[in-house]
Amino acid sequence: MQQDWDVLWPKIVDAAGETVYMVLATLLFATLFGTAVGLALYATRKGGVFQNRLVFVTLSFLVNVIRPVPALIAIVILNPLTRELMGTAVGTDAVIFPMTVIATFGVARIVESNLVGVEPGVIEAARAMGTSRIRILLTVLVPEALGPLVLGMTFMLVALIDFSVIAGTVGGGGVGNLAITHGYLRFDDRVMAVTVLILIGLVQAAQLLGNMLSRKVLRR
Amino acid sequence: MSHSSSRSDAVTAGQEMIRLDAVAKEFPGGVRAVDAVDLAVEAGSVYGIVGHSGAGKSTLLRLINLLERPTTGSVTVGGQELTTLGERQLRTARRDIGMIFQQFNLFRSRTVLGNVAFPLRQSGSSRAEARTKALEALRFVGLDEHAKRYPEQLSGGQRQRVGIARALATSPRVLLCDEATSALDPQTTQEVLELLRRVNTELGVTIVVITHEMEVVTAICDRVAVMEDGRVVERGEVHEVFTRPQHPTTQAFVRAALHASPVLGLLPGLLREHGVDAAVADSVLAQLDANGTEFASAERTERNQRNQAVSA
């Protein structure tokens, strides 16, 4: 039996809010950790300002091990750890942990590859001025790579929306959960349709925001 | 002949700003980019290093501010032996050695002012102080009105002038120029060379330029060293090296430079116009020709034909 709209709407609004919350929280943490890992990858690679083969190979291996694991599987694998750290493995808050873990390594590669794209000459100029290595990383490389970085992060944001829906089906909240519990299990096509519309809207908004930001940074 | 393949630069003791002693740089894989080079640059002078690409001049320049650490030998700048310094001390020492580049290497994410203020900010200047000094440097290169623009909004020549302002912001005693005009058109090259001359004469900055363009050397350098295969094959006063090149590489450079000079094409005509005796003129042309200048070939062919007609 299908529920009335006045019962459904509050659930839909709540679910959309949860999705936005999960995605933004994950984006925040993944950006922090991912940027750190990405900088470390870039700095320790051959010819990097803190060249260190051991650290680079270890990090790179870690990233390559974690990234190919499908999101759904990753959340399930990380379940015990999530329960340990967050107190529970179910719910919107709990799922932010495994999502952050996965996204961190994605962000790391985005950061690394965009830093590699920065003209080596710019780094040389900074070195010639007597700039310290850590300053070169933070005040030269990151600002120089910011334009493409913003676009890369926009890609990540869109991927996270997709990711959050998957998380919603295995314990997380949000529109993914709603789509399964109401759309799929109750055969309510209207909920499915609304869910899809919400997702399209979110992705559009994310891309628009990313494009605007990168245009501002790149001044084009 | 004092200049030819001489092993040292005659610099009065106490007057040298840069000194390289038996400096060598070997890269992994056994490539010796620079091989046992001695170099002394007098304070307040402009020193040119020429060579074909791959001769090692770019590496040599980077050995002066230790962007490349020498495998052996010592580097002394302003009386301080850089090769004995640790990373932190070296960073401080580098603020006394400005550097500009062929591709300018400006920060695209920063405004013109931001670029020039950067070395000041990171060497501890307050925001206000950095701004004042950066504007001063920009005024010197004539770009203070463009302070708020971004590098991509400037022409190549303007970008290099920003590069010069950035290199001069911390008031260094030495300026290293890495093919600073090679990406510029002839007109702009002249403007940048003129500016470098002012940097030398008005600010008293000692300048080292590396270039493959002999005209850069003749325009601003006092002394020149010619490099090949990581070694200095010839050195001396510019006019000396230029008029009596000894080494084949130097001769090739001089030849190329003469070719590039449009005035030389006029020489046979000028000699005639000024009533120079035909035998003397021929001798001058023959000597230039012996040095590889082929400017007068058409003219000579014509004259030879005339001579043949007369003697026939």
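Derivation of every value follows stated rules applied to the coordinates shown; laboratory data play no part. From a predicted model like this one, the values you see are computed outputs, not experimental measurements. Don't worry about glycine lacking a Cβ; one is built from the backbone with ideal geometry, like all the others, and counts go over all protein chains shown.
Please label the shape of segment A:64-220 as rounded, prolate or oblate, based on the square roots a ≥ b ≥ c of the eigenvalues of the alpha-carbon gyration tensor (a/c under 1.5 means rounded; beyond that, a/b larger than b/c means prolate, else oblate). Judged from the Cα gyration tensor, segment A:64-220 comes out oblate (a/c at least 1.5, b/c at or above a/b). Nearest 0.05, what FRET efficiency do B:ARG139 and B:THR92 give at R0 = 41 Å with Cβ-Cβ as r? Here the calculated transfer efficiency is 0.95. Taking every DSSP helix (H) stretch of at least 4 residues in chain B, weighting each as -39,500 (n - 2.57) and dividing the sum by the residue count yields a mean residue ellipticity at 222 nm of -13000 deg cm²/dmol. Once the Cβ-Cβ distance of B:THR84 and A:ILE73 is raised to the sixth power relative to R0 = 56 Å, the FRET efficiency obtained is 0.50.
A Förster radius of 25 Å, combined with the Cβ-Cβ distance separating A:SER113 from A:LEU85, puts the computed FRET efficiency at roughly 0.25. Using the membrane-span-like helix rule (whole DSSP H runs, Cα extent along the own axis of at least 15 Å, mean Kyte-Doolittle hydropathy at least 1.0), which helices of chain A qualify? Qualifying helices, which must be both long enough and hydrophobic enough, are A:5-44, A:53-66, A:92-116, A:142-169, A:189-218.
Computed from Cα positions, the angle between helix B:186-203 and the longest principal axis of chain B comes to roughly 60 degrees. Near B:MET17, the amide H atoms lying under 5 Å from its own belong to B:VAL41, B:GLU42, B:ALA43; only residues 5 or more places off or on other chains count, and H is placed 1.01 Å from N. Label separation (A:ASP93 vs B:HIS212): 6.6 nm, computed from points 7 Å beyond Cα along the C-beta direction.
Using a cut-off of 14 Å between alpha-carbon atoms, which aspartates and glutamates can reach A:LYS216, once sequence neighbours fewer than 8 places away in the same chain are excluded? A:LYS216 reaches A:GLU144. For the segment A:120-126, counting C-beta atoms of other chains within 10 Å of every residue's C-beta and taking the mean gives 6.
Inter-chain neighbour count for B:117-129: the average number of beta-carbon atoms from partner chains within 10 Å of each residue's beta-carbon is 2.
Under a model in which nothing but the beta-carbon of Lys, Arg (+1) and Asp, Glu (-1) is charged, chain B shows a dipole of about 1400 debye around its Cα centre. Subtracting the Cα-Cα distance of A:THR181 and A:GLN3 from their residue separation scaled by 0.36 nm leaves 62.9 nm.
Comparing Cα centroids, segment A:183-220 and segment B:152-217 end up 52 angstrom apart. Between B:GLU87, B:GLU237, B:GLU136, where does the largest GNM mean-square fluctuation fall for chain B, given springs only between Cα atoms within less than 10 Å? Most flexible of the set in this elastic network: B:GLU87.
Working from label points 7 Å from Cα in the Cα-to-Cβ sense, the B:ALA183 to A:THR169 distance is 5.1 nm.
Which angle from 0 to 90°, rounded to the nearest 10, does the C-alpha axis of helix B:278-290 make with the longest principal axis of chain B? Approximately 50 degrees, to the nearest 10. Rounded to the nearest 10 degrees, the inclination of helix B:112-122 to the longest alpha-carbon principal axis of chain B is 60 degrees. Going by the alpha-carbon gyration tensor, a ≥ b ≥ c the square roots of its eigenvalues, is segment B:106-171 rounded (a/c under 1.5) or, if a/c is not under 1.5, prolate (a/b greater than b/c) versus oblate? The shape class here is prolate. Of the residues B:LEU90, B:GLY78, B:PHE253, the one whose Cα sits farthest towards the positive end of the charge dipole of chain B is B:LEU90 (charges of +1 on Lys and Arg Cβ, -1 on Asp and Glu Cβ, taken about the Cα centre).
Reducing segment A:1-79 and segment B:231-250 to their Cα centroids gives an inter-centroid distance of 63 Å. Evaluated with a Cβ-only charge set (Lys, Arg +1; Asp, Glu -1), the protein assembly as shown carries a dipole of roughly 1120 debye about its Cα centre, given to the nearest 20.
Net charge dipole, chain A: roughly 1000 debye, given to the nearest 20, about the Cα centre with Cβ charges of +1 for Lys and Arg and -1 for Asp and Glu. Towards the positive end of the charge dipole of chain A, with charges on Cβ (+1 Lys, Arg; -1 Asp, Glu), say which of A:GLN207, A:TYR184, A:GLY121 has the farthest Cα. Selected residue: A:GLY121. Applying 0.36 nm per residue to the separation of A:LYS11 and A:LEU138 and subtracting their alpha-carbon distance, the gain on full extension is 41.4 nm. Toward the positive end of the charge dipole of segment A:5-218, with +1 on the Cβ of Lys and Arg and -1 on the Cβ of Asp and Glu, the farthest Cα among A:ALA15, A:PHE97, A:VAL170 is that of A:PHE97. Taking the Cα centroid of segment B:65-118 and of segment B:266-285, what is the distance between the two, rounded to the nearest whole Å? Computed from Cα coordinates, the inter-centre distance equals 50 Å.
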